[in-house]
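The values are calculated or read from the model by the stated rules, or taken from the named source; none is laboratory data. Small disclaimer: the values here were computed from a predicted structure and weren't measured. Positions of Cβ are backbone-derived with ideal geometry, glycine not excepted, and every protein chain shown enters the neighbour counts. Areas reflect the complete protein model, heavy atoms only, side chains present, ligands, DNA and RNA absent. Shrake-Rupley method; radii C 1.70, N 1.55, O 1.52, S 1.80 Å.
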Amino acid sequence: MAQSIQATAEQMMYHASNATTLDTMSPVPGGFSLYQPRVAIGFAFILLIVLARAFGAGKPKLPAGVKPLPRQWNVPYVGHPFGVPGPGIEAAWHFGDLHKTLGPIYSWKVMGVTHIWVETDKIAKDLFVTRQQNYCDRNELPAAIGVKEGSEILPLMGYGEQFRRYKNFMHLIMRHANPKDFYGWPAQENKNTLRRVLENPNRWSEHMIVHCARTIAGTAWGNPQHGSNLLTIIPIILKNVSPAGPIINKLTFLANLPEYLSPWKKEEAERKAQMSAAFMDPLKDAEHRAAAGTLGDCWSKIWVSKEKGSEHLDFYEAAHAIGSSSFVAIATVGGPLHAFFLAMCHYPAWQHKAQEELDRVCGNRLPTMEDMPNLPVLRATVKEIVRWRQATPLGVPHVAIEDDVYEGYHIPKGAILHANHYLISREESTYPRGEEFIPDRWLDPSYPTYKEPLSEFPNFRGDRAFGYGNRSCPGIDLTSNELLTLIGSLMWAFEIRRPEGRDGLDAPLPWYETAPWVITMTKPFKCDIKCRSEEKRRYIMSEGHADTNLIIDNEAQRKSKWDVMRQPGEDLFRWEGLTEQAPLGVPRSYGVGI
């Protein structure tokens with residue numbers, strides 16, 4: 001049962017007592033009415049399909065000794081969609097609560113589709129690693145029609161020959177880029193980001209998003225300005241694949257509407273065309289620069305040069321393999337970066353421990369990847385951030401390709417399986433006091449997660465935040481590089497504190513307020529960011545470049561159709577609701593185990 005946060009001083013955290021209201025987006029245009037004749041006919045047609053499926057098919061007969069998974073009561077065909085919140089973290093809490101009565105693995109049926117929820121790392125590994133060949137497919141997404149079968153987005157692509165070619169290509173370019181520190185882009189963008197934070201600390205959230213966009217665009221196409229393409233398309237696709245997005249993602253039978261009755265199919269066609277342009281334009285630019293001899297090392301250069309292992313992708317495929325792997329990096333890296341600011345304000349003692357280590361090892365320069373063996377406190381802090389606030393608390397679903405039996409339970413072909421990463425990251429046997437931010441769990445031998453030597457551990461290899469089996473994220477090395485070096489640089493340069501309220505009292509902070517989409521980020525909040533010394537301020541101003549922001553303030557600054565503009569009157573960049581500032585001052589309760 002949900003409980004209010006109550007923290008102790010010795011936990012090195014402050015009481016969080018504010019709430020948020022999470023809105024869902026309705027894509028139904030004005031004038032859309034069930035009373036329109038064509039709409040009424042369409043819904044009647046769908047109702048007939050529903051009734052036929054509900055009452056026309058018998059229950060499958062299971063083999064002797066095999067039983068169905070535990071589940072809630074169900075309305076025929078409709079299942080049990082009642083009371084499920086749309087926002088990602090809220091849904092993780094909701095489904096996590098059901099494990100208390102239904103067990104560590106249970107089924108949940110909605111609109112004729114069987115979903116299976118998993119709460120333990122053991123079951124997730126048994127299914128998605130040991131039996132990965134049967135659980136490596138992806139599901140259809142009603143508001144993102146054709147993504148599973150198409151060649152747009154690698155993480156959401158159905159399993160098959162095309163997926164294998166894309167993933168092999170991504171492994172090739174990661175192997176090429178990692179030994180070269182991703183061509184120096186993370187190191188340079190760290191300096192640029194420090195300067196933006198120094199000059200305008202109130203916009204720290206915006207600076208983190210821009211950092212991710214510029215870093216991955218430089219790595220992918222050799223030009224950080226192409227990060228604007230990614231900032232343009234991410235809010236649209238992220239909302240379309242989220243339960244809190246278009247209503248068709250919950251009322252999935254609406255996918256049966258003919259195209260002339262479906263606003264979602266029209267919107268999806270426009271989204272697909274825009275995304276393709278966002279991916280192909282930078283690759284065309286890379287081709288032109290290669291022909292002119294000005295293209296530096298980047299992922300695109302590997303394909304343009306037709307290096308061995310890249311020649312099997314045509315232009316369209318290469319553009320989408322590079323582009324889709326790039327846009328995923330912004331939200332999944334941006335999430336931990338936002339959580340870092342939250343952790344530093346709630347647990348200031350860990351900031352000071354890491355700063356002592358950084359000052360001792362790095363002195364008057366920024367940390368690099370070469371320093372990481374000597375920075376175990378920094379690595380533990382970053383790894384704990386990723387565990388404490390998952391970017392994907394519901395994971396990315398797996399689909400059963402064939403019928404299976406697990407621990408005597410039947411898993412039907414086509415079932416959609418979800419590993420609840422929120423719960424898995426808080427299993428008490430592995431992560432005692434899992435709701436607390438405790439980097440010591442990676443440094444202290446008394447914790448079950450401790451490993452030696454500390455010059456190597458902790459690290460992100462095998463971290464469940466990156467998924468399971470052959471559907472795990474191939475970008476773990478880039479994520480590690482970005483998070484370790486930028487978070488290390490931020491702590492080297494700045495003191496990050498909760499803001500002071502009236503009469504010298506501490507202002508309230510959010511605790512678990514996130515954007516409502518399937519990839520979650522801590523909502524931005526006000527905090528005090530001060531440079532730690534005049535010497536560091538001079539270093540930042542001399543090393544970081546001015547005018548590196550990708551967010552423009554008005555139309556007069558627009559130079560490209562991809563430029564992203566802060567809306568009039570919008571002091572803080574909302575990023576179409578993905579970085580909405582957290583409201584303060586209203587107590588709220590939270591989910592399972594909190």
Checklist line | region 397-442: trypsin sites (Lys or Arg not before Pro) in DSSP loop, at most 14 other beta carbons within 10 Å | finding: K413, R433
Next item on the list: Would you work out what percent of the accessible area of region 345-403, with all protein chains in place, is carbon or sulfur (probe 1.4 Å)?
Entry: 57
Notebook entry, point to check: In region 306-345, which GluC sites (Glu not before Pro) fall in coil by DSSP and have 13 or fewer other Cβ atoms within 10 Å?
Noted result: E307, E311
Notebook entry, point to check: If amide H atoms are built 1.01 Å from N in the plane of the peptide, which residues on other chains or at least 5 residues away come under 5 Å of the amide H of T114?
Noted result: I416
Next item on the list: Considering the options Y183, H211, P282, tell which one lies farthest towards the positive end of the dipole of region 159-294, charges being +1 on Lys and Arg and -1 on Asp and Glu at the Cβ, about the Cα centre.
Entry: Y183
Next item on the list: Name the lysines eligible as straight-distance cross-link partners of K451: C-alpha to C-alpha under 21 Å, and not fewer than 8 places from it in the same chain.
Entry: K122, K125, K353, K383
Notebook entry, point to check: Under 16 Å from the Cα of K561, which aspartates and glutamates turn up, not counting those fewer than eight places away in the same chain?
Noted result: E270, D281, D285, D553
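With a/c under 1.5 counting as rounded, go ahead and sort region 429-519 into rounded, prolate or oblate using the C-alpha gyration tensor (a ≥ b ≥ c being the square roots of the eigenvalues; past the cut-off, prolate if a/b is larger than b/c, else oblate). It would help to have the intermediate numbers written out before the result.
On the way: a/c = 1.69, a/b = 1.52, b/c = 1.11.
In terms of gyration-tensor shape, prolate.
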Checklist line | Cross-link partners of K266 among lysines (Cα-Cα below 21 Å; sequence separation of 8 or more within a chain) | finding: K148, K239, K250
Item checked: Where chymotrypsin sites (Phe, Trp or Tyr not before Pro) fall in DSSP loop in region 435-496, at most 16 other Cβ within 10 Å -> Y450
Margin query: With just the Cα atoms defining each centre, how far is region 164-225 from region 530-550? Give it in Å.
Written below: 18
Notebook entry, point to check: Which angle between 0 and 90 degrees, to the nearest 10, do you get for helix 185-199 versus the longest principal axis of the chain when only C-alpha atoms count?
Noted result: 70
Next item on the list: Let me know the charge dipole size of region 400-511 about its Cα centre in debye, to the nearest 20, where only the beta-carbon of Lys, Arg (+1) and Asp, Glu (-1) is charged.
Entry: 180
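Run the dipole for region 204-338 about the Cα centre, Lys and Arg Cβ at +1, Asp and Glu Cβ at -1, nothing else charged, and hand back the magnitude in debye, nearest 20.
Dipole magnitude for region 204-338 comes out near 220 debye.
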Checklist line | Residue among C136, Y260, Q72 farthest towards the positive dipole end of the chain, charges placed on Cβ | finding: Y260
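Can you bin region 76-124 into rounded, prolate or oblate? Criterion: square roots of the alpha carbon gyration tensor eigenvalues sorted a ≥ b ≥ c, rounded for a/c under 1.5, prolate for a/b above b/c, oblate for the rest. If you can, show how the numbers build up before the last one.
Numbers: a/c = 1.96, a/b = 1.30, b/c = 1.51.
Cα axes put region 76-124 in the oblate bin.
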Next item on the list: Restricting to the chain, compute how many DSSP beta bridges are antiparallel as a %, nearest 5.
Entry: 70
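Peptides 473-481, 555-563: what's the order by average Cβ count within 10 Å, highest mean first?
Values: 473-481: 21.3, 555-563: 12.1.
Sorting 473-481, 555-563 by mean packing, highest first, produces 473-481, 555-563.
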Next item on the list: Give me the angle, in degrees from 0 to 90, between the Cα long axis of helix 263-292 and the longest principal axis of the Cα atoms of the chain, rounded to the nearest 10.
Entry: 40
Next item on the list: Using the Cα centre as the reference, give the magnitude of the dipole from point charges on the C-beta atoms of the chain (Lys, Arg: +1; Asp, Glu: -1; all else neutral), rounded to the nearest 20 debye.
Entry: 980
Item checked: Charge dipole (the chain, unit charges on Cβ, about Cα centre) - positive-most of M170, V377, V241 -> V241
Next item on the list: Kindly write out, for region 124-139 in residue order, the coupling ³J(HN,Hα) from the Karplus curve 6.51 cos²θ - 1.76 cosθ + 1.60 (θ = phi - 60°), rounded to whole Hz, with x marking Gly and Pro.
Entry: 4, 5, 4, 8, 8, 10, 4, 10, 4, 5, 8, 10, 10, 8, 10, 9
Check: From the backbone phi of region 343-348, what are the Karplus-calculated ³J(HN,Hα) couplings (6.51 cos²θ - 1.76 cosθ + 1.60, θ = phi - 60°) in whole Hz, Gly and Pro given as x?
Finding: 4, 5, 7, 7, 10, x
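For region 151-310, what does the alpha-carbon gyration tensor say about shape, rounded, prolate or oblate, given a ≥ b ≥ c as the root eigenvalues, a/c under 1.5 as rounded, and a/b over b/c as prolate?
It comes out oblate by the Cα gyration axes.
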